[in-house]
Amino acid sequence: MTNTRNTLLHISLAVALGVSLALITPRGYAGLIDSDAAQAASERHRVKAMLERPELAQALENMGLPPRDAQARVDAMNDVEVAQLAGKLDLVPAGGALTTQEWLLVIIAILLLIIVL
C-alpha cells in the first residue's frame, strides 16, 4: 500500500512539474518576414558589396577614405537613403560603360550628398 502511494505521489509530482514547466516556457510565434525589411537589407548588402570590390576599396583608400569608414557610413544610413543609393546604381549603364574611377566618383558623390542632407 505504501509503495502504491509513493508511486502515485511521484507521478503526481512529475505531472505537476511538467505542467508548471510548460506554463513557464515562452511560446514562439511564426510570422512572415516583412518584404520591405527584406528588400532594404538586400539593397544595403548590395551597396556594401560594391564598396568591398578591391578596385573601389583601393580608390577609396587613395582618396583618404578607408573602406571601413565607407561601410560605417552605409550602416549609418536609413533604409530610404540606402534605397536611393541602390536606385542610382541601377541607373548606371551595364557592360563596362563606366570606369572604376567613374564608379568611385558616383558612389562618393552620392554618399556625400546623403550625409550632408
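Observations, loosely collected:
- Looking across the stretch 1-53, the residues that are basic (Lys, Arg) and at pLDDT 65 or above come down to Arg5, Arg44, Arg46, Lys48, Arg53.
- When the residues of the stretch 62-81 are filtered to those that are among the acidic types (Asp, Glu) and surrounded by fewer than 14 Cβ atoms within 10 Å (Cβ to Cβ), the one that is farthest from Leu112 (Cα to Cα) is Asp75.
- Selected residue (criterion: surrounded by the fewest Cβ atoms within 10 Å (Cβ to Cβ)) from residues of the stretch 39-61 that are of a type in the set (A, V, I, L, M, F, W, C) and within 11 Å of the chain's Cα centre (by Cα): Ala41
- Counted residues, the stretch 60-86 - those being under 10 Å from Arg44 (Cα atoms) and among the charged types (D, E, K, R): 3
The values are calculated or read from the model by the stated rules, or taken from the named source; none is laboratory data. Predicted model only: the values in this text are computed from it and were never measured. Here Cβ is always computed from backbone atoms with ideal geometry, including for glycine, and neighbour counts include all displayed protein chains.
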